[in-house]
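Remarks on the structure that follows.
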Amino acid sequence: MGQTLIYKILSSHLADGCLEAGKQIGIKIDQTLTQDATGTTAFLLFESMGVKRVKTQLSVSYIDHNMSQFGPENHNDHLYLQTAAARSGVYHSRAGNGICHQVHLERFGKPGATLLGSDSHTPTGGGIGMLAIGAGGLDVAVAMGGGLFYLACPKVLGVNLTGRLKDWVAAKDVILKLLGILTTKGNVGWAIEYFGKGVSTLSVPQRATITNMGAELGVTTSIFPGDEQTQKFLAAQKRENDYKPLKPDADAHYDRIIEINLSQLEPMAACPSSPDNVKTIRELAGLKTGQVAIGSCTNSSFADLMMTAKVLKGRRINNMVEFAIAPGSREVLNMLAENGALADMISAGARTLESSCGPCIGQGFSPADGAVSLRTFNRNFAGRSGTKGDNVYLVSPETAVASALTGCITDPRDLPKLFAIKYPKIKLPEEFTIDDSMIEKPPNEKKAAGIEVLRGSTIVVPEMPQMLPEKLDGRVLLKCGDKITTDHIMPAGIFLKLRSNVPQYAKVVFNCFNEDGKQTFAERALELKKKNIGGVIVAGESYGQGSSREHAALCPMYLGVRAVIAKSIERIHKANLINFCIMPIEFADPKDYDRIKPDDQLQIDNLLDAIKNSNEIKITDKTGSFEFVGKLDLSQRDRNILLAAGLLNHTRERNGQKSGN
Ligand code: MIC
Ligand code: SF4
């Protein structure tokens, strides 16, 4: 039986284990990326591993998330990252150069290579044929130091694309269709490979929109083959030498196949407040819209913005709509400025935001109370926009611009009829305007050693975990429901600037569940910690969806949380919990979830023994006087990490012997 493309790349990078779905494997990482919101912790941890220079083929540090700069925190982070990158042999993409995933695709992505990034949307690189995976910053730091990346060998879902997208239907509609089918939960352990005749009709930026939002499905990664489209894109980026044709074997085995006929798709939206709450635009048409934004790492390519500019040229956006654009990179922004498209959008009433994450991570442009906000982004988790009770719809740039013109949700296929606009087909430019002057190449080792790493007062080295006890006395600090995202656990928005200061940031853990006048989650947790009682979080399905932010483990760990007991836990978050020595436990019988109450006293005897030897653990609910069983779905390496009090200690211990895992 032939191999899928994913298995071909995995085999060529396999350094530990064997390629059998579900089994843990260790793979070599060719490239890493970090961004500033996760990067400071990643670099601080990298420094404390004692490795002087990165051992990957290429590592890049990006500044794109924290750019609002109220107070010194963000700029302190930028300076720290710039100097720490130079010192450790890492390229540095400066603030203003663009969003990590967009820039990486343009300037560094290589078909057939592996990329590990401390951001959940790293699989954007799958659009160019990379095996690109998101992970916590500590996993990325280990890979920067030459260590392997460990993951469960995925099952492969093949998506057979046929047909061709009709005018006004976009790549975004492909992934929204898939989100409607697969939803955001239950896809842990899968990776997606696109194949079929429809693939060649999609450009690399369109493919990247699709692989980007694979993160919302919760799959390990998504990939497209390397073909003429890939070659064309790389040639236009003046990187033709990086091209490599890539395809699965003709008789490749897929564990499941989904058929999508591109010709049959229509414009769609993910309705509030989950990326899988998908409806067609026809169903939503007419809903009054207060805000429209085109940007984020999902939809901010040159073609996305050129299409927008052509539709807007000579027209005005509706006067009840605030309309903003955030081109994904300085390359895109420069080209729009050069060819006049930027002026067309500004004349139409567009507000120009920086080439950065911006409103996608709640850095400004929050919608008014009750306002419907249309965004070309990838996440619409409740409150992520910065407004409580927000109404965020995720749409394609085509739907966004059509709605900005009319002031209500509008199917872009109606634009010819409404405004006599012909569909502007945007071709990939023969040559992009390349200017890498905002990407700093690291100096050689000798020069690097002389660089002083700048550490502003707001950069605090995070505390590392304590060993787990043999007998855990715990208390249920919070009982929450299904699909708790890392945005619920560790809010970004106005708190994002606290990322480099765990004691401060930890104050807002689970802020969305805090009630006025009552003790906060953090206060309750710290009170228990002082009494040596371990905090326990009880949750439903798909706990830890969304971002790769390890602060969602690091900050609870700082507050004394020692276990999460959930019906299921998402991949990246589970790895982060283990890395910071919080026990990830799944209910053997999900019905036990209903029996546990907030504040219940829990007891786990023989915890260390169970970590060593067992796939199950007995938990006593002392308040409710009952016992229940938790599943320990852990690899041998996970167990070793937990027993070493976290990945950093585990890596240090192993580095004493040999580096690698
Ligand atoms: C996100 O989209 O949620 C983020 C912000 O990019 C995160 C990373 C972070 O929290 O810093 C992600 O996707 O991993
Ligand atoms: Fe930035 Fe949003 Fe992309 Fe995350 S999803 S990397 S916040 S643009």
I need the full set of residues from the range 491-507 which are in contact with a Phe, Trp or Tyr (Cβ under 8 Å, 6 or more places away or on another chain) and closer than 14 Å to residue 385 by Cα, in order please.
495
Contact list please: Cβ distance under 6 Å, first residue in the range 376-391 and aliphatic (A, V, I, L, M) and more than 13 Å from ligand 2 (Cβ to nearest atom), second residue outside any loop (DSSP other than H, G, I, E, B) and at pLDDT 95 or above, pairs at least six apart or on different chains.
382/273
Which pairs do you get when a residue that is in a loop (DSSP other than H, G, I, E, B), found in the range 295-320, comes within reach of a residue that is acidic (Asp, Glu) and more than 16 Å from ligand 2 (Cβ to nearest atom), reach meaning Cβ atoms under 6 angstrom, with the pair 6+ apart or on two chains?
313/344
Could you give me the residue pairs with C-beta distances under 7 Å whose first residue belongs to the range 541-565 and is under 16 Å from residue 602 (Cβ atoms), whose second residue is buried (at least 24 other Cβ atoms within 10 Å of the Cβ) and hydroxyl-bearing (Ser, Thr, Tyr) wherever it lies, and which are 6+ apart or on separate chains?
564/543
Being of a type in the set (Gly, Ala, Ser) and not in a loop (DSSP other than H, G, I, E, B) is the requirement here; does residue 269 meet it?
yes
With the first residue restricted to the range 517-535 and required to be within 18 Å of residue 577 (Cα to Cα), and the second required to be in a helix (DSSP H, G or I) and at pLDDT 95 or above, Cβ contacts under 6 Å at 6 or more apart or on different chains are 522/506; 522/507; 535/525; 535/528
Can you find a residue that is over 12 Å from residue 260 (Cβ atoms) and within 16 Å of ligand 2 (Cβ to nearest atom) anywhere in the range 160-174?
yes
Restricting the range 320-340 to residues that are buried (at least 24 other Cβ atoms within 10 Å of the Cβ) and within 21 Å of residue 404 (Cα to Cα), the one farthest from ligand 2 (Cβ to nearest atom) turns out to be 323
Restricting to the range 1-38, and then to whatever is surrounded by fewer than 17 Cβ atoms within 10 Å (Cβ to Cβ) and of a type in the set (A, V, I, L, M), can you tell me which residue is nearest to residue 89 (Cα to Cα)?
15
Please specify each residue of the range 81-106 satisfying the condition of being assigned to a helix (DSSP H, G or I) and hydrophobic (A, V, I, L, M, F, W, C).
81, 84, 85, 86, 100, 103, 105
Restricting attention to the range 107-120, report how many residues are touching a Ser or Thr at 6+ places or on another chain (Cβ under 7 Å) and not in a strand (DSSP E or B).
4
Give just the number: which of (1) more than 29 Å from residue 231 (Cα to Cα); (2) within 16 Å of ligand 1 (Cβ to nearest atom); (3) touching a Gly at 6+ places or on another chain (Cβ under 8 Å) does residue 78 not satisfy?
(3)
Residue satisfying condition, being among the hydrophobic types (A, V, I, L, M, F, W, C) and within 30 Å of residue 595 (Cβ to Cβ), within set 484, 434, 459, 426:
484
Members of the range 198-216 found to be among the small types (Gly, Ala, Ser) and surrounded by fewer than 24 Cβ atoms within 10 Å (Cβ to Cβ), listed by number
198, 200, 203
Among the candidates 209, 220, 230, single out the residue that is within 16 Å of ligand 1 (Cβ to nearest atom) and under 27 Å from residue 436 (Cβ atoms).
209
I need a count of the residues in the range 54-90 that are closer than 23 Å to residue 364 by Cβ and aliphatic (A, V, I, L, M).
4
Test set (1) within 16 Å of ligand 1 (Cβ to nearest atom); (2) on the phi > 0 side of the Ramachandran plot - residue 22 fails condition number:
(1)
Look at residue 2 and say whether it is closer than 21 Å to residue 359 by Cα and away from ligand 2 (no atom under 15 Å from the Cβ).
no
Hand me the list of strands (runs of 3 or more DSSP E) wholly inside the range 128-170 holding 2 or more residues that are modelled with pLDDT under 95, more than 28 Å from residue 307 (Cβ to Cβ) and in contact with a Lys or Arg (Cβ under 6 Å, 6 or more places away or on another chain).
none
Within the range 449-486, the count of residues that are surrounded by fewer than 18 Cβ atoms within 10 Å (Cβ to Cβ) and in a helix (DSSP H, G or I) comes to 1
Could you tell me which of the residues 548, 614, 542, 568 is among the hydroxyl-bearing types (Ser, Thr, Tyr) and within 16 Å of ligand 2 (Cβ to nearest atom)?
548
Residue 349 more than 23 Å from residue 122 (Cβ to Cβ), away from ligand 1 (no atom under 16 Å from the Cβ) and touching a Gly at 6+ places or on another chain (Cβ under 9 Å):
no
Checked 635, 614 against criteria (under 30 Å from residue 378 (Cβ atoms), polar (S, T, N, Q) and either surrounded by fewer than 17 Cβ atoms within 10 Å (Cβ to Cβ) or at pLDDT below 95 (or both)); the one match is 635
Those residues of the range 220-265 which are of a type in the set (D, E, K, R) and surrounded by 13 or more Cβ atoms within 10 Å (Cβ to Cβ), in sequence order
227, 232, 239, 242, 244, 247, 249, 255
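The values are calculated or read from the model by the stated rules, or taken from the named source; none is laboratory data. Being a predicted model, the structure only gives us computed values, none of them experimental. Cβ: placed from backbone, ideal geometry, glycine included. Neighbour counts: every protein chain shown.
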